[in-house]
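**Student:** Below is the structure I would like to discuss, written out as structure tokens.
All of the numbers you see were taken from the coordinates with simple rules; none came from a lab. Here the structure is a predicted model, which is why all the values come from computation and not from measurement. Neighbour counts are summed over all protein chains in view; Cβ atoms, including those assigned to glycine, are modelled from backbone coordinates with ideal geometry.
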Amino acid sequence: MANIVRRQEQQPMEHAEWEPFRTLREILRWDPFGEMMPMARGEEGFVPRFDVKETPDSFVFKADLPGVKDSDLEIALTGNRLTISGKRESTREEGDEHSRYYAYERMYGSFSRSFTLPAGVDPDAVKAELKNGELTLMVPKKAEAQPKRITVGSGGGEKQKAKA
């Protein structure tokens, strides 16, 4: 027997708005293992990203750390290993019976990042500033570690004058 496929005509939906991008976001956000591993979400996920730049006289680290207090931030330089750690406390307020969260996407918790620097940094001159939620950390190079410009002169110019 042959399969018979009937085409049904679609009825227009009354006042129903379909938002394809919203549907796509919901599909991409779906985490089939999220309910099985509740500790893997929320407080365990805060890891700030850093910009690292080298200038002729220092290394500059920048990171966005909104909500992190000065007292919750620790910076250590041991040898050539720079470690930046801290924590951001949750500000989530439990609602009353008349309110509820529809989304809770901000990350909280402890973090630690480490960077290996080349030899020749000056650990005594490191400067850190946390201003408006942005960390700026400057790790200067030692004076002897900075490149020196060597000018090239005319090779053997005086010897040529002596022969003439």
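**Student:** Points 7 angstrom from Cα along the Cβ direction at Thr136 and Asp124: gap in nanometres?
**Tutor:** For the pair Thr136/Asp124, the computed spacing is 2.5 nm.
**Student:** Using a 7 Å offset from the Cα along the Cα-to-Cβ direction at both Arg92 and Ser110, what is the distance between the two label points in nm, to one decimal?
**Tutor:** Output for this residue pair reads 1.9 nm.
**Student:** Run the simple label-point estimate for Glu26 and Val152 please: 7 Å along Cα→C-beta, distance reported in nm.
**Tutor:** Between Glu26 and Val152, the label points sit 6.8 nm apart.
**Student:** Now for a separate question. Given a Förster radius of 22 Å and the C-beta distance between Lys69 and Tyr102 as r, what FRET efficiency does 1/(1 + (r/R0)^6) yield to the nearest 0.05?
**Tutor:** On the way: r = 28 Å, r/R0 = 1.29.
It comes out at approximately 0.20.
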